[in-house]
1. What percent does the relative contact order of the chain come to when contacts are Cα pairs within less than 8 Å and at least six residues apart?
2. Between the range 4-21 and the range 30-58, what's the alpha-carbon centroid distance in Å?
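Here, each number is a calculation from the coordinates, and none is a lab measurement. What you see is a predicted model, and the numbers here were worked out from it, not measured in a lab.
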């Protein structure tokens with residue numbers, strides 16, 4: 001089964017080797033037919049502490065490495081191409 005890859009914005013890099021990534025998704029409301037933005041935060045492993053707050057990054061699903069961390073940093077995304 002392929003690993004899921006998500007893209008989001010780093011909202012916290014205060015922990016050692018851990019980042020918190022906010023991933024936003026859009027969906028159509030079933031009754032009002034209006035676009036709704038939903039967001040969720042994921043804790044991801046950042047081995048080299050390379051991601052900083054405000055950067056756009058990609059994270060990949062991995063085996064659990066702690067109580068909250070089930071994702072790992074794949075790399076940064078160039079804001080011009082995002």
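1. Relative contact order for the chain comes out at 30 percent.
2. 8
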